[in-house]
Amino acid sequence: MKLLIVLLMLGPLSAHSQSVSFIKPFYKRFRQDQWSWNYLIKAEPISQGVWEIKVKTIMDPAPIGPYYSQSIIDCNKQTITNEEGYVHNVPKEWRSTAEQGMPELYEAVCEKKPE
């Protein structure tokens, strides 16, 4: 794991999205001395342009094991509904830490389409 951290530190320390893959993270970031990687591990269409997704987040150093979350993404309305039922409008670029990863998740599901 330490080697992975060293290799990641050689690259830029900014968040960015990658191509859709259940193996590669769609979003990674370094914030407050901690790395985190978000993986799209489930994406099932439930209607035209609406997806049920599950995301796994891994942190290093890890305060706990992986964190899993489920959401509904509506590509037509550009919204993400979390597990508690709160609907988030997806911004083009995140403006606050609460929105980090939302544009990348929306892009991974709605624009790149899960395989």
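Number of residues in the range 46-66 that are farther than 20 Å from Gly85 by Cα and of a type in the set (Asp, Glu): the value is 1. Residue check: Glu44 meets all listed conditions (1) in contact with an Asp or Glu (Cβ under 7 Å, 6 or more places away or on another chain); (2) touching a residue at least 12 places away in the same chain (Cβ under 8 Å) but one, namely (2). Going by the structure shown, is Trp37 among the aromatic types (Phe, Trp, Tyr) and over 11 Å from the mean Cα position of the chain (by Cα)? No: the conditions fail for Trp37. Kindly indicate whether Val90 is at pLDDT below 95, in contact with a Pro (Cβ under 9 Å, 6 or more places away or on another chain), crowded, with 16+ Cβ neighbours inside 10 Å and of a type in the set (Val, Ile, Thr). In short, yes. Condition test on Pro91, is it over 12 Å from the mean Cα position of the chain (by Cα), farther than 16 Å from Ile41 by Cα and not hydrophobic (A, V, I, L, M, F, W, C)? In short, yes. Whether a residue is in contact with a Lys or Arg (Cβ under 9 Å, 6 or more places away or on another chain) and crowded, with 17+ Cβ neighbours inside 10 Å was assessed, and Tyr67 does not pass this test.
Checked against the criteria, Glu83 counts as exposed (fewer than 13 other Cβ atoms within 10 Å of the Cβ) and touching a Ser or Thr at 6+ places or on another chain (Cβ under 7 Å).
Listed here are the strands (runs of 3 or more DSSP E) enclosed by the range 1-80 that have at least 2 residues being modelled with pLDDT of 90 or more: 34-47, 50-60, 67-74.
The values are calculated or read from the model by the stated rules, or taken from the named source; none is laboratory data. Note that the structure is predicted; figures quoted are calculated from it, not measured. Note that we place each Cβ from the backbone using ideal geometry, even for glycine, and neighbour counts take in every protein chain shown.
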